[in-house]
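In what follows, a single structure is set out as structure tokens and then discussed.
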Amino acid sequence: MKGWKELEIGALTKAGSADEYNTGSWRAFRPVWIEENCIQCLFCWIYCPDSAITVKDGKRGEFDYMHCKGCGICAMECPGKKGKKAIVMEEEGK
Amino acid sequence: MGKVLAVTGNQAIAEAMRQINPDVCAAYPITPSTEVMQRFAAFVADGKVDTELVTVESEHSAMSACIGASAAGGRVMTATSSQGLALMWEMLHIASGMRMPIVMTLVNRALSAPINIHGDHSDGMGARDCGWVQLWSENGQEAYDNLIQAIRIAEHEDVRLPAMVNMDGFIISHSIESMEFLPDDVVKDFIGEYKPKNPLLDIENPVTMGPLVLPDYFMEFKRQQHEAMLHVKDVVLEVAKEFEKVSGRSYGLFEAYRLDDAELAIVVLNSAAGTCKDVIDEYRDRGIKVGLLKPRLFRPFPYEEVAEALSGVKVIGVLDRAESFGGFGPMYMEIASAMMTNGSKPIMINKIYGLGGRDFMPEHAAMVIDELKEIAETGKVKLYKDYLGVRE
């Protein structure tokens, strides 16, 4: 580990370093995406407080599990299709 | 030679700020520093400066905006007093921890309660441990000179710390004295162009500021702040030397007045020092060897130098315009610590004076000197800490 003489003053770090930091390990419940029930409304992407929904070409893809903390907001907001949710929460480790 | 004008202390500060022409100034008015920002706002409105003046809803926001502007890469200034500084509290630590060289004038005023708008040092002394460099000023001239020098000190590569310049509320801020202003171009050349370090607005080189730092690295960053403080003394003296060349006025870490052969000494900050010097002259005329030490740099405190200057003194009276309830006054604690560095053991008494703007009169200085004289003769101290000028 670096000593005080080697560190940039004022705790300055490179931009976007949080991207490399695994905070997904805090999760107790993981959201699971059921693509067949997804209408691509992107509510999950809007509501996610941690930018853990990956979107490409206007369509959502898999969760970013390195940063998802399992808050469950996406699952709650998901309107699903014909009464079937496209996001469900499952206990980690099961 | 610059212009000699009769101005208030606040006017002197506002004029220094006009000449410094900071990029950003965020402030919220509070007595007795209001006139600083009132006059500076007029300079902004009249196009005399290029400053972006941010009128915020509180001092907490003022310091927050200052930190943001400083992080963006600007030269940033503000001014406040008393409760305003208290409301800035958490941001003061963030400014120093993030190493933002913000320069602030603190027009010293008592802290509530009871509410009081007059001058004492409880605000500045309370901010002692916030990691800011502190300069203290006896009068408007010193406050003006200190503010210009503070820019250079705060921004110095070896320092990069915020700095506050203290002057007494009302006694100095609202009193008119004649003082000398430097020409605008001299100030401009003296402070030079600000070179920000890793500014946020440098979008080619993005950085993260103010990250979470856990026990594995926190102490290393505090050690860096300590290191920066260790460099301040040399920088203050170097900047003072240069300032003397352009102004003819000389500054040190403190002022020693008739102290060389003194057996008795008063230590006091700011405006009360002027009163004490007059009284010391009267006692000197009567053959009493008394002198004065007026600290200028309070944070970091120049322990070794102060101890050296006071080493021949037998009895010291330390005057504090701030209380540390249940403890000695803040200046007394520093002087006591200083005397430990060179092993000389003078007798020291502490007088709390001038709280909430209570007048400090020549007779008060005389009372202190008489008591110091009596202690020197008898070797006996009645009370180590007592109040001066209070009714029973």
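Side notes on the structure shown:
- Chain B: Cα Rg divided by the 2.2 N^0.38 Å rule of thumb: 0.98
- Packing-based exposure ordering (other Cβ within 10 Å, fewest first) of B:W136, B:W89, A:W33: B:W89, A:W33, B:W136
- Counted by neighbouring Cβ atoms within 10 Å, the residues A:I73, B:I316, B:I13 run from fewest to most as A:I73, B:I316, B:I13.
- With a 10 Å cut-off around each Cβ of B:207-220, the average count of Cβ atoms from other chains is 4.
- Fewest-first sequence of B:V313, B:V213, A:V32 by Cβ atoms within 10 Å of each Cβ: A:V32, B:V213, B:V313
- Partner lysines whose Cα lies under 28 Å from the Cα of B:K3, excluding those fewer than 8 positions away in the same chain, are identified as B:K48, B:K188, B:K241, B:K245, B:K277, B:K294.
- The mean number of Cβ atoms from other chains found within 10 Å of a Cβ in peptide A:11-21 is 5, as a whole number.
- Reach of A:K59 by Cα under 20 Å, taken over aspartates and glutamates that are not fewer than 8 positions away in the same chain: A:E35, A:E36, A:D50, A:E77
- Over all projection directions, the Cα-based convex hull of the protein assembly as shown averages an area of 30.4 nm².
- Rounded to whole Hz, the Karplus (6.51, -1.76, 1.60) HN-Hα couplings of region B:46-63, x for glycine and proline: 8, x, 7, 9, 9, 5, 8, 8, 9, 8, 9, 9, 6, 6, 4, 5, 4, 5
- When chain A is reduced to its Cα atoms, the Kirkwood hydrodynamic radius in Å: 15.0 Å
- Once the C-beta distance of B:A45 and A:M66 is scaled by a Förster radius of 35 Å, the resulting FRET efficiency is 0.10 to the nearest 0.05.
- Cα-based equivalent ellipsoid of region B:241-382: semi-axis lengths in Å, sorted from largest, via gyration tensor: 22, 18, 17
Values in this text are rule-based calculations from the coordinates and carry no lab data. Note that the structure is a prediction, hence the values are computed from the model and not measured. FYI the Cβ positions are ideal-geometry reconstructions off the backbone, even for glycines, and counts take in every protein chain you see.
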